[in-house]
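The values are calculated or read from the model by the stated rules, or taken from the named source; none is laboratory data. Being a predicted model, the structure only gives us computed values, none of them experimental. Neighbour counts run over all protein chains shown; Cβ positions are idealised from the backbone, glycine included. Areas reflect the complete protein model, heavy atoms only, side chains present, ligands, DNA and RNA absent. Shrake-Rupley method; radii C 1.70, N 1.55, O 1.52, S 1.80 Å.
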Amino acid sequence: MRGYLVNDSQVFKCTVIFMLITQIQGWTELALTKSSGDIETEYLDFSLTKNRVQLQLTQLEDNSDLEFKIETLFFKQELQSSLVDTVRYSWNTHSSRTNSLQLDDVAAFDFCSETKSEMLTSIPTEVTIDLNTDYVVEIQDGSQGTFSSATVDPCPEVWTSFTNNRASITKVKVKLITDADAGYNLESKFRIKYRVIAACEAGKFLGNEGCENCATDHYGAGGWLTSCTQCPTGKRVEAGKGTQESDCTWKPCSGGQYLDVQTGCQTCEAGFYSAGGTVSECTKCDADKYSGAGATQCTECPSGKGVASGDGKQESDCKEIEEKTGDSENTDDIGKDAGDEDDTNDDGSGTERIFKITVLVVVPYIIC
């Protein structure tokens, strides 16, 4: 049986400095001092099912003989004697030493050590501690702890004790431990921050300022997401309003397009036009007008030329309008016989524009 260790006093000689903290960009920075030692936060509220603890480590300067560790201590109440569990992550850059990650359980009076190499190879840039999971610890690349599945003695016993007692936790502290005799100033080597986070509402993601709205044209289910998903091409949603893909709706179409609810904006065919927006179809050009594909309006045929509605796709589709002259005696007679007005011009030329053909049907009058 190994004894439970709160401070590894054989390795570290510590001078305790309490609650030196400043707020930076939604995180709380552990304000390192020029004299090495321990920095410990005040008690922070914590709920097993609602909260996680995150650590952010930013290396400012290389060092081949660097050593420090961060403990996340969990309590039943604001009393040191009510300590339940500790997650201890120890890092160093010395070639002859290795990193370590431990889960210490007070009730079991023992600890379990992480053996997964991905969790120990280098100093991570971000650590997330979630006591309500089987992995407990996750780092920025998605690697997760294996405490619940570890077979190294005494991990099964420690894990059982941990799961039996974690529901009683209501407070947390974050503690940085450095070597007082190290001979260097950790403040110049690393910037270390922490935060206690809660699950975000739908339409939000976990950003630097805590829960933030998903950006315009993005959606997210909330929870512990650190980013939102972009709407499909051509669709939109207001910032913070997208909780799922179905919240994304089609953007208004540009001029010369119509909206197909299945495929989005489509280009109008030649002979049609559209001002855009959300119209479901394009409008046919009027008679004697034409348009190319994607038109926002139709163009008049040249003077003296015309085309049927919707048939004008280019100027060459506009044809000369057919005319009739007074030399056509039969045509004039038919018009007169039918009671038509005399359409001769004032100059007597008898020229007339024909826009329709009149068919006269003569029915014999039979006398019995």
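The table below gives the values:
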item	result
Per-residue SASA entry for VAL237, accessible area with 1.4 Å probe, Å² rounded to 10	20
Listed residue pairs exceeding 26 Å between alpha carbons, taken from LYS76/LYS189; LYS171/LYS193; LYS251/LYS313; LYS235/LYS289; LYS50/LYS204; LYS50/LYS189	LYS76/LYS189; LYS251/LYS313; LYS235/LYS289; LYS50/LYS189
Dipole of the range 143-212, positive end: most advanced residue of ALA199, SER168, GLY145 [Cβ charges, Cα centre]	ALA199
Surface accessible to a 1.4 Å probe, ARG97 within the full protein complex, Å²	120
Fraction of accessible area attributable to carbon and sulfur, the range 156-258 (%, probe 1.4 Å)	43
Where PHE190, PHE205 fall by accessible area, highest first, once all protein chains stay in place (1.4 Å)	PHE205, PHE190
ARG52 accessible area, 1.4 Å probe, all protein chains in place, Å² to nearest 10	40
Solvent exposure of the range 162-285 as accessible area per residue, Å², 1.4 Å probe	50
